[in-house]
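Each reported figure results from applying straightforward, stated rules to the coordinates on display, with no laboratory input. Quick caveat, the model's predicted, so the values are computed rather than measured. Neighbour counts run over all protein chains shown; Cβ positions are idealised from the backbone, glycine included.
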Amino acid sequence: MNLSELNRKLIAAARATPPDDRVPYAFEQRIMSHLAGKTALDSWELWGRALSRAAALCVGFMMVLAAASFYMSSGNPDTLSQDVETTLFAAVDNNVDSIGDAR
């Protein structure tokens, strides 16, 4: 069947039927009881849920990285600490060298 023909027939049938002025029994009470169960949207609750999920994900990722670093450096445990120390003090060492060269 042609969709435009069907659409035209449905619109014509809807226009031919007069609107009903009656309201179903206890309609207002049903609607109000349905609305009473709903709570207002709390943006702090949404943020709290999102942040708690993100924190749980970060803790899980941290545990995986800690386990990986533990098992990767099982041969020589000092290499990781030396790498971290070298990385952290690299900027300080560069500044001391540049200050010494300027004098």
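Go through 51-57, 19-25 and give me the packing order, highest mean Cβ count within 10 Å leading. Walk me through the intermediate numbers first.
Working: 51-57: 10.0, 19-25: 6.6.
Going by the mean number of other Cβ atoms within 10 Å, highest first, we get 51-57, 19-25.
Tell me the net charge near Arg15. Cut-off is 14 Å between Cβ atoms, Arg15 excluded, with +1 for each Lys or Arg and -1 for each Asp or Glu.
Details: positive: Arg8, Lys9; negative: none.
Summing Lys and Arg as +1 and Asp and Glu as -1 gives +2.
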